[in-house]
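The values are calculated or read from the model by the stated rules, or taken from the named source; none is laboratory data. No experiment lies behind these values; they were computed from the predicted model shown. So basically every Cβ, Gly included, is an ideal-geometry build from the backbone, and we count neighbours across all protein chains shown.
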Amino acid sequence: MADLAALNAADLSAGFAAKEFSPVEVAKALLARIESLDKSINAFCLLDADATLTQAKASEVRWQKRAPLSALDGVPVAIKDLLLTKGWPTLRGSKTIDPQQAWNDDAPAVARLREAGAVLLGKTTTPEYGWKGVTDSPLTGITRSPWDLGKTPGGSSGGSAAALAARLAPLAIGTDGGGSIRIPASFSGVFGLKPTYGRVPAFPPSPFGTLAHIGPMSRDVTGSAMLLDVISGFDARDPFGLPPAENSFSAKLDDGVRGKRIAFSSGMGFAKNVDGEVAALVAAAARKFESLGAVVEAVDPPLMEGGDPRAAFRILWWAGAGFALGEYPEAKKALLDPGLRAMVEEGAAIPLRRYQQAAMARASYAGAMRQFMTRFDYVLTPAVAISAFAVDRLSPHDNESWLDWTPFSVPFNLTQQPAASVPCGFTRAGLPVGLQIAGRMYDDSGVLAAAMAYQAAAPFFPDAPKGFA
């Protein structure tokens with residue numbers, strides 16, 4: 001049964017079809033593995049073995065009848081605890097939410113998974129309300145990297161990334177408002193895609209507005225393409241949701257990058273403190289695309305007015321927190337993560353004019369980036385400026401915000417372009433590093449195909465970390 005935990009989504013689907021093993025066997029193997037290993041990393045905040053096995057048994061019947069609902073029928077998926085999941089509390093890492101209430105709704109992505117017959121494995125940890133780039137919260141404590149238990153797996157989808165890296169789940173759903181899929185994918189040695197805004201519909205709407213995306217995470221590129229095939233598409237509850245894609249994302253994975261124009265930017269024109277090992281690994285990855293037939297040019301994308309887009313992002317993100325939580329009574333504010341509370345208070349005090357200036361700067365920046373992308377199919381950058389650091393910190397250095405070490409992810413939340421993190425090697429300390437691949441608006445298929453081409457040519461998707469094999 002231990003071998004079943006090592007299989008990726010495509011292998012599981014093929015095994016079900018060939019009747020080599022069943023969804024029930026896979027679910028039992030993963031639940032047993034979580035029971036045995038998760039206490040050391042704290043990736044899951046909710047398990048419901050009875051519900052998971054009930055879904056797996058229903059899937060097993062469908063496969064026996066050769067009538068699966070989709071390629072993901074019976075495949076276990078972990079759900080970040082920011083997404084509503086019917087019958088399970090969604091507590092968002094916070095002591096301010098009452099678990100004893102009706103939980104009658106699924107978020108659109110969760111609803112699509114149920115319709116496709118996927119098995120919901122449990123809820124994964126998040127920092128409170130997903131506010132920062134590491135994963136710890138007053139409610140669920142610290143989540144740790146399987147690569148080094150003293151290090152963070154990143155955040156805010158850190159529970160999902162840690163579960164994937166430790167082979168506790170083959171697929172997971174994450175959210176990304178400023179890098180929250182790509183940061184933990186980079187730190188944890190897994191794949192994560194922040195799709196084009198609206199590609200995966202959302203409900204309820206995020207207080208962080210159109211910065212916040214929902215996307216797939218997996219141990220390989222194929223898994224995320226399969227997952228995006230299911231969770232993308234129209235949902236009437238999301239007024240910003242995109243119509244269904246014309247083609248399956250999985251069907252275009254082998255398109256490759258031959259003849260594609262690629263911009264390689266080591267600092268986006270403003271990032272100054274990129275770790276030397278990270279920079280070297282990403283530069284080597286960019287050179288690999290040349291060997292794949294792409295035309296790679298070292299060039300920085302346009303700058304936002306004022307230079308660093310994190311300044312505008314900070315206003316928009318902080319204001320979202322202030323709007324969402326600023327009117328909480330003092331008794332509830334006292335329960336918040338102190339860092340989140342400080343952000344709430346600062347965000348609630350942002351003047352309307354400053355907010356509108358940031359929104360206008362964002363619009364201009366997004367327009368300039370779209371013009372830039374008429375010359376290029378993709379932009380390559382580091383996913384994160386550093387590798388993973390100690391779990392008990394917001395940043396590796398004192399008096400820093402999490403924005404100080406995430407200069408590469410924030411721009412593509414502002415512009416809403418699809419962007420992914422794909423593993424591109426390890427530091428001398430054995431910590432994973434991610435390459436960011438950003439594409440043109442709406443070209444999620446292209447980003448997946450580029451990541452797939454790189455994965456095939458430079459397979460840095462590792463075996464399980466030591467202690468989790």
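Before moving on, here are some points about what is shown:
- The residues on offer are LEU47, LEU7, LEU30, and the sole one that is buried (at least 19 other Cβ atoms within 10 Å of the Cβ), touching a Leu at 6+ places or on another chain (Cβ under 9 Å) and within 22 Å of ALA165 (Cα to Cα) is LEU30.
- Pairs with Cβ under 7 Å, 6+ apart, first in segment 169-188 and under 11 Å from GLY158 (Cα atoms) and modelled with pLDDT of 95 or more, second among the acidic types (Asp, Glu) and assigned to a strand (DSSP E or B): ARG182/ASP176
To keep it simple, each residue is scored yes or no on (1) more than 30 Å from SER137 (Cα to Cα); (2) at pLDDT 95 or above; (3) out of contact with any helix residue (DSSP H, G or I) (no Cβ under 8 Å at 6 or more places or on another chain).
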site	(1), (2), (3)
GLY269	yes, yes, yes
GLU297	yes, yes, yes
GLU305	yes, no, no
GLY320	no, yes, no
PRO338	no, yes, yes
ALA348	no, yes, no
PRO351	no, yes, yes
ALA366	yes, yes, no
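- Long-range neighbours under 8 Å by Cβ, at least six apart or interchain, first residue without any contact (Cβ under 8 Å) to a residue 40 or more places away in the chain and farther than 28 Å from PRO89 by Cα within segment 51-66, second crowded, with 20+ Cβ neighbours inside 10 Å and of a type in the set (Phe, Trp, Tyr): none
- Verdict on GLY347 being closer than 25 Å to ILE315 by Cα, without any contact (Cβ under 8 Å) to a residue 40 or more places away in the chain and buried (at least 21 other Cβ atoms within 10 Å of the Cβ): yes
- No other residue among LEU113, LEU83, LEU91 is buried (at least 20 other Cβ atoms within 10 Å of the Cβ) and out of contact with any helix residue (DSSP H, G or I) (no Cβ under 9 Å at 6 or more places or on another chain) apart from LEU91.
- Subset of segment 317-326 [surrounded by fewer than 19 Cβ atoms within 10 Å (Cβ to Cβ) and out of contact with any Pro (no Cβ under 7 Å at 6 or more places or on another chain)]: GLY326
- Only one of the listed residues (ALA58, ALA27) is within 23 Å of ASP229 (Cβ to Cβ), in a helix (DSSP H, G or I) and more than 27 Å from the chain's Cα centre (by Cα). That residue is ALA58.
- Any hit, segment 427-441, residues being farther than 21 Å from ILE262 by Cβ, of a type in the set (D, E, K, R) and touching a residue at least 40 places away in the same chain (Cβ under 8 Å): yes
- Residue satisfying condition, being of a type in the set (A, V, I, L, M, F, W, C) and either within 23 Å of the chain's Cα centre (by Cα) or on the phi > 0 side of the Ramachandran plot (or both), within set LEU53, LEU91, LEU69: LEU91
- The number of residues in segment 84-116 being under 30 Å from ALA17 (Cα atoms) and assigned to a loop (DSSP other than H, G, I, E, B) comes to 5.
- Counting only residues that are within 21 Å of MET441 (Cβ to Cβ), out of contact with any Lys or Arg (no Cβ under 8 Å at 6 or more places or on another chain) and of a type outside the set (S, T, N, Q), segment 203-223 holds 8 of them.
- Qualifying positions in segment 285-316 - more than 24 Å from GLY178 (Cα to Cα) and either under 24 Å from the mean Cα position of the chain (by Cα) or surrounded by 14 or more Cβ atoms within 10 Å (Cβ to Cβ) (or both): LYS288, PHE289, LEU292, ALA294, VAL295, VAL296
- Scanning segment 408-462 for residues that are aliphatic (A, V, I, L, M), under 23 Å from GLY178 (Cβ atoms) and out of contact with any helix residue (DSSP H, G or I) (no Cβ under 6 Å at 6 or more places or on another chain), we see that the one that is surrounded by the fewest Cβ atoms within 10 Å (Cβ to Cβ) is MET441.
So that you can scan it fast, the table gives a plain yes or no per residue for (1) crowded, with 24+ Cβ neighbours inside 10 Å; (2) part of a helix (DSSP H, G or I):
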position	(1), (2)
PRO153	yes, no
LEU164	yes, yes
ALA172	yes, no
SER180	yes, no
ILE183	yes, yes
VAL200	yes, no
PRO204	no, no
PRO207	no, no
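- Within segment 257-267, the set of residues being assigned to a loop (DSSP other than H, G, I, E, B) and closer than 16 Å to ALA285 by Cβ comprises VAL257, LYS260, SER265, SER266, GLY267.
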